[in-house]
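Enquirer: Dropping a structure here in structure tokens format, bear with me for questions.
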Amino acid sequence: VSQSRYRIHVIPHFYEHREPPPAPCPDGDFLFLGRLSREKGVDYLLRSWAKLEPRGRRLVVAGTGPEESSLKQLAVQLGLKGVHFAGFVDKKQQADLWAKSAALVVPSIWDEPFGMVVLEAWARSRPVVAFAKGALPELIRHNADGLLAEPFSEGSLAENIQELIISPAKGPAMGSAGRLRLEKEFSRQVWYKKIEATYQMDLR
């Protein structure tokens, strides 16, 4: 077996957020935060929302992109209630979105290489509901710090979102677990140690 494969070392990004997380909001909004492009899967999210019972909850879609107009049209066609397109939201305004959110939803249909927005959610003690696609199932631990849905399955995504609606206490518990993982596994200090250890390896 060639030894060359041992020369590849994966070191995840770190994420720092110095502000304390907002108070838990288990009855709050479900948030999508990102570019409105096809690979982000927001159309799957909208069709999933049509399949569940929101019980007064809102879906907040924050971001802009080439799919924005068609996604708004889809929401109208589906007759969706409680879906709010927030448009572009700068960093300062995002704090309000996080404070009012119960969870982040990442419905990406491409192979996300990492997913920094997951770390952003954990920094705010918010759980993540995502398709088990790309690196997301390597990052998110199902039923521990988030929920993983079957890729491309609107029904599966709806079921996982519905779980947090039916059992709202699960959200803060998963969010706290995510924040703990962020501090233990994705801090700047951990990143530095992994970089230093890699540089010191004898790869001959």
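The values are calculated or read from the model by the stated rules, or taken from the named source; none is laboratory data. Computed from a prediction, not measured in an experiment: that's the story for all the values here. Virtual Cβ from ideal backbone geometry, glycine too; neighbours counted across all protein chains shown. Please note that ligands, DNA and RNA were not included when accessible areas were found on the heavy atoms of the full protein model with its side chains. Shrake-Rupley method; radii C 1.70, N 1.55, O 1.52, S 1.80 Å.
Enquirer: What's the number of the only condition in (1) more than 28 Å from ALA50 (Cβ to Cβ); (2) within 12 Å of the chain's Cα centre (by Cα); (3) modelled with pLDDT of 90 or more that ALA177 fails to meet?
Expert: (2)
Enquirer: Something else now. Run down LEU148, LEU157 and say which single residue is assigned to a helix (DSSP H, G or I), surrounded by 20 or more Cβ atoms within 10 Å (Cβ to Cβ) and in contact with a helix residue (DSSP H, G or I) (Cβ under 9 Å, 6 or more places away or on another chain).
Expert: Answer to the selection: LEU157.
Enquirer: Still on this model: Identify all residues within the range 113-125 that are assigned to a loop (DSSP other than H, G, I, E, B) and over 13 Å from ARG181 (Cβ atoms); write none if there are none.
Expert: PRO113, PHE114, GLY115, ARG124
Enquirer: Residue under question is ARG126, and the condition is that it be in contact with a Pro (Cβ under 9 Å, 6 or more places away or on another chain) and open to solvent by less than 10 Å² (accessible area, probe 1.4 Å); does it hold?
Expert: The answer is yes for ARG126.
Enquirer: Need pairs with beta-carbon distance below 8 Å; first residue over 17 Å from GLU163 (Cα atoms) and of a type in the set (D, E, K, R) and within the range 131-153, second open to solvent by 60 Å² or more (accessible area, probe 1.4 Å) and in a loop (DSSP other than H, G, I, E, B); sequence gap 6+ or separate chains.
Expert: LYS133/TRP110; LYS133/ASP111
Enquirer: Please go through (1) within 26 Å of LEU139 (Cβ to Cβ); (2) touching a helix residue (DSSP H, G or I) at 6+ places or on another chain (Cβ under 6 Å) for VAL83 and return the number of the only condition it doesn't satisfy.
Expert: (1)
Enquirer: How many residues are within 23 Å of GLY134 (Cα to Cα) and surrounded by fewer than 18 Cβ atoms within 10 Å (Cβ to Cβ) if we restrict to the range 98-113?
Expert: The number of residues fulfilling the criteria is 4.
Enquirer: Quick check on this structure: which one of ALA135, ALA169 is over 13 Å from LEU52 (Cβ atoms), out of contact with any strand residue (DSSP E or B) (no Cβ under 8 Å at 6 or more places or on another chain) and open to solvent by 40 Å² or more (accessible area, probe 1.4 Å)?
Expert: Matching residue, one of ALA135, ALA169: ALA169.
Enquirer: State all residues of the range 53-74 that are in a loop (DSSP other than H, G, I, E, B) and either of a type in the set (D, E, K, R) or open to solvent by 20 Å² or more (accessible area, probe 1.4 Å) (or both); if no residue qualifies, say none.
Expert: We begin by selecting, within the range 53-74, every residue in a loop (DSSP other than H, G, I, E, B); these are 53-58, 63-67.
Scanning the range 53-74 gives GLU53, PRO54, ARG55, GLY56, ARG57, ARG58, THR64, GLY65, PRO66, GLU67.
Enquirer: Additional query: So, of the residues in the range 75-97 that are in a loop (DSSP other than H, G, I, E, B) and either open to solvent by 70 Å² or more (accessible area, probe 1.4 Å) or hydrophobic (A, V, I, L, M, F, W, C) (or both), which turns out to be modelled with the lowest pLDDT?
Expert: Filtering first and then ranking leaves LYS81.
Enquirer: Also, quick follow-up: Determine which single condition TRP110 fails, assuming it passes every other condition in (1) assigned to a loop (DSSP other than H, G, I, E, B); (2) over 12 Å from LEU33 (Cβ atoms); (3) touching a strand residue (DSSP E or B) at 6+ places or on another chain (Cβ under 8 Å).
Expert: The failed condition is (3).
Enquirer: Of the residues LEU46, LEU31, which single one is assigned to a strand (DSSP E or B), open to solvent by less than 20 Å² (accessible area, probe 1.4 Å), touching a strand residue (DSSP E or B) at 6+ places or on another chain (Cβ under 9 Å) and of a type in the set (A, V, I, L, M, F, W, C)?
Expert: Of LEU46, LEU31, the one residue that is assigned to a strand (DSSP E or B), open to solvent by less than 20 Å² (accessible area, probe 1.4 Å), touching a strand residue (DSSP E or B) at 6+ places or on another chain (Cβ under 9 Å) and of a type in the set (A, V, I, L, M, F, W, C) is LEU31.
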